[in-house]
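The structure appears right after this line, and notes come after that.
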Amino acid sequence: MASNTEKYQSADSGEELDLGRLFGLMIDNKWLIALIVCVFTFLGILYVTFKTPVYQSDALLEIEGRANPASNPVQNLGVFGDTPRSTAEMQILTSRMVLGQAADRLNLQLSITPDGLPILGDTLARRGIERPSFAQGWSSVWAGESINVTRFVVPDSWINRPLTIKSLGNDRYELRDDGQLVLEGQVGQLAQSRDGNVEMRVMDMTAGQGAEFTVVKRSRLSAINSLRAGFDVEEVGRSGTGILQLTLNGTDRDEIRNSLKAITDIYITQNIERQSAEAQQSLDFLNQQAPRVRDSLVEAENKLNNYRVNQDSVDLDQETSSVLNQIVNLDNQLNQLKFDEADLSRRFNKSHPQYQALLQKREELNAEKERLQKRVDGLPETQQEVLRLQRDVNVNQEMYVQMLNRMQEMNIAKAGAVGNVRIIDDSTLQNSPVAPRKVLVTVIAFVLGLVIAIIVVLIRRIMNRGIESPEQLEQIGMPVYASIPLSGNQSGLVKRTRGNRNLRIGRNQSARNTVDTGVLALRNSDDQAVEAVRSLRTSLHFAMMEAPNARLMISSASPGAGKSFVVSNLGVVCAQAGQRVLVIDADMRMGHLHHVFKGRSEKGLSDILARRTTASEVVRSGGVDGLDFISRGAAPPNPAELLMSAGFSELLAWADQHYDLIIIDTPPILAVTDAAIIGKQAGTNMLLARYGVNPPAEIEQARRRFEHSGVEIKGTVLNGIEQTASHRYGGNYGNYHYSYGKKS
């Protein structure tokens, strides 16, 4: 026994689905898959129908290289130009500075939402359906109804608190807080609450009486975050192009278009103001330095004049004048580099290429100045002093002139500042919504439904551990004597009955409510199921040759296996083969063989065992020569005790004398012990398994139940095999059935 169980477990764990069988499994469940897919697709269509559409407005900006009016000429040294600062500008665009001003300009802190019908409200309004006559007085807002609030002041404690505006008709309205009246007002007039903490002005209201709107005064940060949630900035093309794509998504078409336009206008304005502020900063610096340079120039001129007076107007020769001009030129360049370095130090560190170019240029100028200074050192002392004083005058004069020129440039730059940003495409609203994408959502819903349907089918397949091939029975050491296919003709012989609802045995509860009302072998003798029963007759003929008697017991693990079908049809085909057959319905609780043979249950097996009648008095004809049957009789309170009595042994002994084959239909072994009692007196015992219902473990448990009672199970019969696509396309070779007969 242990070896058989281990064999079953290993076989079951190694079971896997091949692609062909998986394909067939999908075909078997095509209607379930179609239903689930249709449901999901329908839900997807409903979603895109009722979902509020989201629109998008976009704009295109170009960030040019910094046109700084105070820029220095050292930027042109080498090949290091000033590139657009796209990343920094993107951060500025999404900053609270820009978005906050846009929210203030458009009053986005004030949020008004119409109270529409549940689910359908937005859809009806979008389709322009106005308030019908029967909806007069309803609180829902319909198409064509709106309200315009230009002033709404609430205390800080009411920020982000939803309030309700209700139309009273005749251009009057009221404001309520959770049902409590806050104020009443007239359109076009300022209304105040009694305590003066709440003010509201409604400039226009087109709404039926009873229509309600939800109004919220949001905090400035909430308005900014709400605007930022739908706002996106990204650089177009490769990095460094300076082309920025601005998009804003929202459900209100006018609001998103105006909001994006406000954002671009505010951004460009602050950019221009920033450029103007830089020019003003440079101008302030020059205004501070100009008086000092002028004073230095006056002082240098006075020193030169005094020296010449003292030295009797000493003049410089031509060569010395040339050296002087060169030195002055170098000093002017060095002074210019000081201004340039002050500008570069605010934007770059010393490792930047532009800063390095400036330092290198200064070293070259200083080296040239030292060379000229050596020539000056060779001049007479008087010439050196005049040259020094003249140089101071020239340098200060040149510096002062440069500063005046720069101040003029700064004034011009400040007046004509245009910034380094320009609008390529202004804020434009897209014609169609960007969400929901109807085709995409429908396709996703379809695919999702298909995936879930396949998962459901696979889970059902995994959860259903019923036997699907004879090999599964053979793997647990149970020989299979016949595989009987499910007959479509048999369904016409089945009817529902009340049955015994007090007895709940087995997991297939629906089986107790149906009974067979005829024998398939008599109605459709060429049915494939009947041919399989004939094959079972042949197998039993050889199997029972060594049996001690001609008694055949047929049992099952649970109800609904089809014992009555197999017993009745086996009895008919054996009788048609010339045998004298007696069929005994030993299921005295729920047996219904009397329905199959068109008889009654009164006076049957229970009456014989209770000594109320004899066997010869209760035997009835089975509808075919050589076939008799004994019904269950009246339902006794103690079936097991009656079967253990001597009366049952005497009945079987009497049947041995009058019949060639005795077939006994018994209750399920896992439900009651009757089958084990009967099996002790039967020469051959067969166990019936239902295709797709009884798992191998249940059949194994039934066999152990019989063996514990000393009853040997000869083999099994697999009943109700369905010819599914999963078996046609899969690798299962154990369930082939063919029809062979005359063509109609």
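Please treat every number below as a calculation from the coordinates, not as lab data. In this text, all values refer to a predicted model and were calculated from it rather than measured experimentally. Backbone-built Cβ (ideal geometry, glycine too); neighbour counts: all protein chains shown.
Express in whole angstrom the spacing between the alpha-carbon centres of the stretch 519-584 and the stretch 331-367.
111
Counting other C-beta atoms within 10 Å, which of Phe446, Phe231 has the fewest, and how do the rest follow?
Working: Phe446 16, Phe231 22.
Placing the least packed residue first, the sequence is Phe446, Phe231.
Of the listed pairs Lys680/Lys714; Lys495/Lys563; Lys495/Lys598; Lys603/Lys680, which have alpha-carbon separations greater than 20 Å here?
Details: Lys680/Lys714 13 Å; Lys495/Lys563 16 Å; Lys495/Lys598 13 Å; Lys603/Lys680 25 Å.
Pairs exceeding 20 Å: Lys603/Lys680.
Would you mind pulling out the separation of the Cα centroids of the stretch 143-179 and the stretch 596-653, in Å?
So the separation of the two Cα centres works out to 88 Å.
Residue separation times 0.36 nm, minus the C-alpha to C-alpha distance between Ser146 and Gln91: what's the value? Don't skip to the end; give the middle numbers.
Values: separation 55, 0.36 × 55 = 19.80 nm, distance 3.64 nm.
Stretched fully, the Ser146-Gln91 segment lengthens by 16.2 nm.
For the stretch 218-293, which semi-axes, largest first and in whole Å, follow from the square roots of 5 times the eigenvalues of its Cα gyration tensor?
On the way: eigenvalues 278, 64, 20 Å².
The answer is 37, 18, 10 Å, longest axis first.
Suppose the chain between Val401 and Glu184 were pulled fully straight at 0.36 nm per residue; how much longer would it get relative to their current alpha carbon spacing? Write out the running numbers ahead of the final one.
Details: separation 217, 0.36 × 217 = 78.12 nm, distance 7.11 nm.
In short, 71.0 nm is gained.
What is the local net charge at Ser555, summed over the other residues whose Cβ is closer than 11 Å to its Cβ (Lys, Arg +1; Asp, Glu -1)?
On the way: positive: Lys563, Arg703, Arg705; negative: Asp587, Asp665, Asp674.
Overall, the nearby charge balance is 0.
Whole-Hz Karplus ³J(HN,Hα) for the stretch 610-626, in order, using 6.51 cos²θ - 1.76 cosθ + 1.60 and θ = phi - 60°, x for Gly and Pro?
Result, rounded to whole Hz: 8, 6, 8, 7, 10, 5, 5, 7, 9, 5, 10, 6, x, x, 8, 4, x.
Among Thr49, Thr613, which comes first, then next, by fewest other beta-carbon atoms within 10 Å? Mind dumping the intermediate values first?
On the way: Thr49 11, Thr613 14.
Taking fewest neighbouring Cβ atoms as first place, the list is Thr49, Thr613.
What dipole magnitude, in Debye to the nearest 20, does the stretch 55-267 give about its Cα centre under +1 on Lys/Arg Cβ and -1 on Asp/Glu Cβ?
On the way: 22 positive and 27 negative charges, 30 e Å.
Rounded to the nearest 20 debye, it is 140 debye.
Step through the residues of the stretch 389-398 one at a time and calculate ³J(HN,Hα) from phi using the Karplus curve (6.51 cos²θ - 1.76 cosθ + 1.60, θ = phi - 60°), rounding each to whole Hz and writing x for Gly and Pro.
5, 5, 5, 4, 5, 5, 5, 5, 5, 5
Fewest to most neighbouring Cβ within 10 Å: what's the order for Arg703, Arg347?
Values: Arg703 23, Arg347 12.
Fewest-to-most ranking of Arg703, Arg347: Arg347, Arg703.
Could you check the spin-label model distance between Asn197 and Thr613? Points 7 Å from the Cα along Cα→Cβ, value in nm.
Inter-label distance under the simple model: 9.4 nm.
Using the Cα centre of the stretch 55-267 as origin and beta-carbon charges of +1 (Lys, Arg) and -1 (Asp, Glu), tell me which of Ile263, Ala103, Val198 is placed farthest towards the positive end of the dipole.
Sorting the options by dipole projection puts first Val198.
Between the stretch 222-256 and the stretch 427-494, what is the separation of their alpha carbon centroids in Å?
A separation of 45 Å, based on Cα centres.
Principal axes first, then extents: for the Cα atoms of the stretch 165-303, list largest minus smallest coordinate on each axis, whole Å, largest first.
92, 48, 23
Subtract the Cα-Cα distance of Ala646 and Ala367 from 0.36 nm times their separation in residues, and report this length gain in nm to one decimal. Write down the numbers at each step before the final one.
Values: separation 279, 0.36 × 279 = 100.44 nm, distance 13.61 nm.
Here the segment from Ala646 to Ala367 would lengthen by 86.8 nm.
Karplus couplings for the stretch 93-103 from phi (6.51 cos²θ - 1.76 cosθ + 1.60, θ = phi - 60°), rounded to Hz, Gly and Pro as x?
Couplings: 4, 9, 7, 5, 4, 7, 5, x, 5, 5, 5 Hz.
Provide Rg over Rh for the stretch 525-665; use the alpha carbon set for both Rg and the Kirkwood Rh (inverse mean inverse pair distance).
Details: Rg = 14.4 Å, Rh = 15.3 Å.
Checking Rg against Rh, the ratio lands at 0.94.
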